[in-house]
Amino acid sequence: MKIIVTGGAGFIGGNFVYYLLKNSDDEVVCYDKLTYAGNLETLADAMKSPKFKFVRGDISNREEVYKLFEEENPDIIVNFAAESHVDRSIEDPELFLRTNIIGTSILLDACKKFGIKRYHQVSTDEVYGDLPLDRPDLFFTEKTNLHTSSPYSASKASADLLVQAYSRTYQIPATISRCSNNYGPYHFPEKLIPLMIINALNDKKLPVYGKGINVRDWLYVEDHCSAIDLIIRKGKVGEIYNVGGHNEKTNLEVVKTILKILGKSEDLIEFVTDRKGHDQRYAIDPTKISTELGWTPQTKFDDGIKKTVAWYLENKSWWEKIISGEYKNYYAKMYDNR
Ligand code: NAD
Ligand code: DAU
């Protein structure tokens, strides 16, 4: 089969490209606009495979997307392409609406026009909003109401609704996955875990929002990839699957763990102004994907975080190039005087 991975030069999409090349005989085409978050160096090893091809393009450009479908005639689309950072969406929502909503609708139009065996939308647990910190008994299930907090999550929820609408109205064979926070190799340094690893390595302050008590449910990226792989092959058309491995941690716990692994002082922690509308707690109930598809995560947080820190230590050239470029302006804008 031929699988198009949109957003495959980003964090999870890049890991998914490698997952497919390693675990299947499928041909893989990565379609990516190469925004600030897309990085061809992430795909350097994939480029050596005869099963892999890279096409630069924008999911919100109808002409480019139709040309892609005409030329590649794909069996499956897995859509990772998105603006993915909550803080950026709070600063400037518009691009999130264009890429995440219009881009998804154009991919769906292409599926309708050219035909497809499966369209998979990579969504997020953020579409459910948040859970209170004092109710550890509550979890997001596939039946939890959509209740978004940020322009990012609102754009992802809108995209999910479009996927469901196209599936019902035009019989597009679509599935949706809603995963919790991922971590692992190739994670762009604007996000909590890579930002904290890199700042600690450079003996820079670690900016923790608010009191650091917000809870995220961390999943090693390879486990997310295995879940998506299972859904596109065995998942039921029209269904939504939540993905998560019950690894809930406060942000402060995560940051302290990273400092401990690196042998750095907790004095590096600096509490800064909280994120606007900051979601308190995310927690996935993965019962459906576990019981219906037999998915189980393989990596525990304690092991995954050590592997991740080791990856950043061994791949300095990957992230040093990023933090010495435009990222410097982003960092100054978001964190100076916060
Ligand atoms: P990322 O920001 O690292 O990568 C996004 C990729 O999409 C980049 O390569 C970028 O160049 C590409 N892209 C952006 N706009 C595009 C466009 N218009 N056309 C084509 N390509 C475009 O994101 P990520 O963290 O890897 O997330 C991937 C997907 O998974 C997103 O849809 C996100 O909502 C979802 N998700 C992420 C997490 C997480 O913890 N990171 C968890 C659950 C779901
Ligand atoms: O839950 C899935 C979502 O996880 C994905 O849909 C998003 O694409 C992904 O970015 C992630 O969203 P979060 O907002 O949870 O991730 P982020 O890494 O930005 O922040 C994690 C937590 O850490 C959050 O509570 C905010 C906090 N934080 C973040 C940064 C960047 C800090 O305290 N300091 C920081 O500098």
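The values are calculated or read from the model by the stated rules, or taken from the named source; none is laboratory data. Only a predicted model underlies this, so the values are computations on that prediction, with no experimental measurement involved. Using ideal geometry, Cβ is built from the backbone for each residue, glycine included, and neighbour counts are taken over all protein chains shown. The area values use the complete protein model at the heavy-atom level, side chains included, leaving out ligands, DNA and RNA. Shrake-Rupley method; radii C 1.70, N 1.55, O 1.52, S 1.80 Å.
Computed quantities for the displayed model
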{"quantity": "Cα convex hull of the stretch 133-254 - mean projected area over all directions, nm²", "calculated": "9.2 nm²"}
{"quantity": "Spread of Cα-to-Cα distances over 10 Å intervals beginning at zero, given as percent, for the chain", "calculated": "5, 26, 37, 24, 7, 0"}
{"quantity": "Which of Ile213, Ile240, Ile305 is most accessible, then next, and so on - probe 1.4 Å", "calculated": "Ile213, Ile240, Ile305"}
{"quantity": "Sum of side-chain charges, Gly184 neighbourhood, beta-carbon under 12 Å (Lys, Arg +1; Asp, Glu -1)", "calculated": "0"}
{"quantity": "Under 30 Å, Cα to Cα: Lys pairs in the stretch 143-228, sequence gap 8 or more or different chains", "calculated": "7"}
{"quantity": "Cα coordinate range in the stretch 33-110, projected on the principal axes (Å, largest first)", "calculated": "41, 30, 17"}
{"quantity": "Inter-label distance, nm, simple model (7 Å from Cα along the C-beta direction), Asp87/Glu64", "calculated": "2.7 nm"}
{"quantity": "Bins of 10 Å from zero: percent of alpha-carbon pairs in the stretch 290-337", "calculated": "20, 25, 29, 18, 8"}
{"quantity": "Charge tally in the Cβ shell below 15 Å around Leu146, where Lys, Arg are +1 and Asp, Glu are -1, Leu146 excluded", "calculated": "-3"}
{"quantity": "Apportionment of accessible area to carbon and sulfur, the stretch 188-281, percent (1.4 Å)", "calculated": "49 percent"}
{"quantity": "Residue-normalised accessible area of the stretch 143-204, expressed per residue, 1.4 Å probe, Å²", "calculated": "37 Å²"}
{"quantity": "3J(HN,Hα) from dihedral phi, the stretch 132-140, Karplus parametrisation 6.51/-1.76/1.60, rounded to Hz, x for glycine, proline", "calculated": "x, 5, 8, 10, x, 7, 8, 9, 7"}
{"quantity": "Cα centroid of the stretch 243-301 to Cα centroid of the stretch 180-216, whole Å", "calculated": "10 Å"}
{"quantity": "Antiparallel bridge percentage (DSSP; both residues within the chain; nearest 5)", "calculated": "10 percent"}
{"quantity": "Asp302-Val272 pseudo-label distance in nm [points 7 Å out on the Cα-to-Cβ vector]", "calculated": "3.1 nm"}
{"quantity": "Hypothetical label at His147: residues of the stretch 280-300 whose amide nitrogen lies under 13 Å (7 Å Cα-Cβ projection)", "calculated": "280-283"}
{"quantity": "FRET E, pair Glu94, Lys211, Förster distance 22 Å, beta-carbon r, rounded to 0.05", "calculated": "0.10"}
{"quantity": "10 Å beta-carbon shell around Lys288, net charge (K/R +1, D/E -1)", "calculated": "-3"}
